[in-house]
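The values are calculated or read from the model by the stated rules, or taken from the named source; none is laboratory data. Quick caveat: nothing in here was measured; it's all calculated off a predicted structure. Neighbour counts are summed over all protein chains in view; Cβ atoms, including those assigned to glycine, are modelled from backbone coordinates with ideal geometry.
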């Protein structure tokens, strides 16, 4: 929390438009947005002058709010301003953090987590925005960087104390870059002739020791309640970062990335399988996002996706499931259910170092497994990226070597042309027993969670077992066909006929939701990172 003996001199005056108090915590700040009437104000000597009006903020019910305070690398700060941007995939926020020594920083959203960034001098010329492409390598400030995304954005609203005048009229291009040191760099082309440059690192709200965060309340659910445009069912958007939500009644996928007012884009989808881990379930996992940082935390299942491999021969086609997990201060992670086992994964801020056909990350060498193209065929719940029908992801999976063979890394490319984005995710394998215990599932589900080998072998000397073996082959072939048609195998008939614990039903679930040979790097994990980071 900011200290009482801060060297910064505060300044407060009445808004010339509505009379509400407007506070400046930093003597260097010249602009502010009145929190009551949204007037954009400039300090003019000892008075305030109104120079415009900011649009109303899209209420995303973020846990962050003005006045919240914390510590970053031992230095206290307080959130004094907020900028809200919009781009093709939705919106993102950048919070102006003022430190006691007068330094300004920006706490920004990044792939369901956060980045703390600081403006830095740009000594050399950088390429024009139109020449940048995702995957391109650049040298800036003596460091090698990889372009992750290039997007067109626009400032749509502002709040609180700001170090510059918010420009709500012009759009601009912002490019996100990553490096092997785990840093994210941002080129802001709001002034094309003089791009701005900032460098940041990934942070979790928990490690910032923040106080004064917004509390969850009934307002959170009521504030973003919306009717399904397909069937009229009430949708409750519960997460601050939600860009897409699936109707629990008709399973239509609804785009809320542009706000909840007016017409909402949506599309229908065929029915899929019920997730083996129900939405809303809470499991305790100790994920190591950084070496040595491993603490057991409760993670809630908020989204579920069925995915398949496309553009391949039928004999090699794969299917798998992904569960989107959420923790209020840690962000998002993914639980991946593939035929060869379970794993968890989460997006990383930087990029691994290339090592021949493999990569090196945090001192571990990973060898390349395979390239493949994936497509989501069925989803449930809420997602922090915009879901589009038939959208494909282009992935490469890597596996750790030596004593680190349980670790996994995935590179995902989404979009095409100038709208591409490249995201890296990292994680490790999990045992089925670990998943069972984490969610406290009943023991009867243990067999259904195992992914080590195909059951229904010929050692069961019954005619039913032999018949089902060939039935299983037919099921797999049908799923291969239906993947390209955006349909999925429905196992409810087998459940009704043979029972939920039967080998027939469990095999159908495995074939319907598991990936043939894909451990799964969490290729869903990087979709829509949320744009730039000031």
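On the stretch given as the range 156-193, residues that are within 23 Å of residue 258 (Cα to Cα) and modelled with pLDDT under 90 total 10. Within the range 351-392, the set of residues being on the phi < 0 side of the Ramachandran plot, within 17 Å of the chain's Cα centre (by Cα) and surrounded by 22 or more Cβ atoms within 10 Å (Cβ to Cβ) comprises 351, 376, 379, 380, 382, 383, 384, 385, 387. Residues that are touching a residue at least 24 places away in the same chain (Cβ under 8 Å), surrounded by 21 or more Cβ atoms within 10 Å (Cβ to Cβ) and assigned to a loop (DSSP other than H, G, I, E, B) within the range 238-252 comprise 239, 241, 242, 243, listed in sequence order. Residues that are within 16 Å of residue 65 (Cα to Cα) and either outside any strand (DSSP E or B) or touching a helix residue (DSSP H, G or I) at 6+ places or on another chain (Cβ under 7 Å) (or both) within the range 85-99 are absent altogether. For the range 296-315, the condition of being in contact with a helix residue (DSSP H, G or I) (Cβ under 9 Å, 6 or more places away or on another chain), part of a loop (DSSP other than H, G, I, E, B) and modelled with pLDDT of 90 or more holds for none of the residues.
Can you give me the number of residues within the range 316-330 that are part of a strand (DSSP E or B) and touching a helix residue (DSSP H, G or I) at 6+ places or on another chain (Cβ under 8 Å)? Total meeting the criteria: 5. If you go through the range 411-428 one residue at a time, do you hit one that is farther than 30 Å from residue 153 by Cα, touching a strand residue (DSSP E or B) at 6+ places or on another chain (Cβ under 7 Å) and surrounded by fewer than 18 Cβ atoms within 10 Å (Cβ to Cβ)? Yes, there is a match, as at least one residue in the range 411-428 is farther than 30 Å from residue 153 by Cα, touching a strand residue (DSSP E or B) at 6+ places or on another chain (Cβ under 7 Å) and surrounded by fewer than 18 Cβ atoms within 10 Å (Cβ to Cβ). Within the set 93, 101, the sole residue that is under 21 Å from residue 349 (Cα atoms) and either at pLDDT below 75 or touching a strand residue (DSSP E or B) at 6+ places or on another chain (Cβ under 9 Å) (or both) turns out to be 93.
Examine the range 160-174 for a residue that is in contact (Cβ under 8 Å) with a residue 40 or more places away in the chain, part of a strand (DSSP E or B) and under 30 Å from residue 364 (Cα atoms), and state whether such a residue exists. No: the range 160-174 contains no residue that is in contact (Cβ under 8 Å) with a residue 40 or more places away in the chain, part of a strand (DSSP E or B) and under 30 Å from residue 364 (Cα atoms).
Restricting attention to the range 185-206 and to residues that are buried (at least 17 other Cβ atoms within 10 Å of the Cβ) and without any contact (Cβ under 8 Å) to a residue 60 or more places away in the chain, the residue that is farthest from the chain's Cα centre (by Cα) turns out to be 190. For the range 130-157, filtering for residues that are within 23 Å of the chain's Cα centre (by Cα) and part of a strand (DSSP E or B) leaves 13. Among the residues of the range 393-414, those identified as farther than 17 Å from residue 372 by Cβ and touching a residue at least 24 places away in the same chain (Cβ under 8 Å) are 400, 401, 402, 404, 407. Under the condition of being in a strand (DSSP E or B) and either in contact (Cβ under 8 Å) with a residue 60 or more places away in the chain or within 30 Å of residue 254 (Cα to Cα) (or both), the residues counted in the range 100-129 number 14. When we screen 124, 94, 89 for residues that are in the same structural domain as residue 186 (by TED's automatic domain parsing) and over 23 Å from residue 332 (Cα atoms), the only hit is 124.
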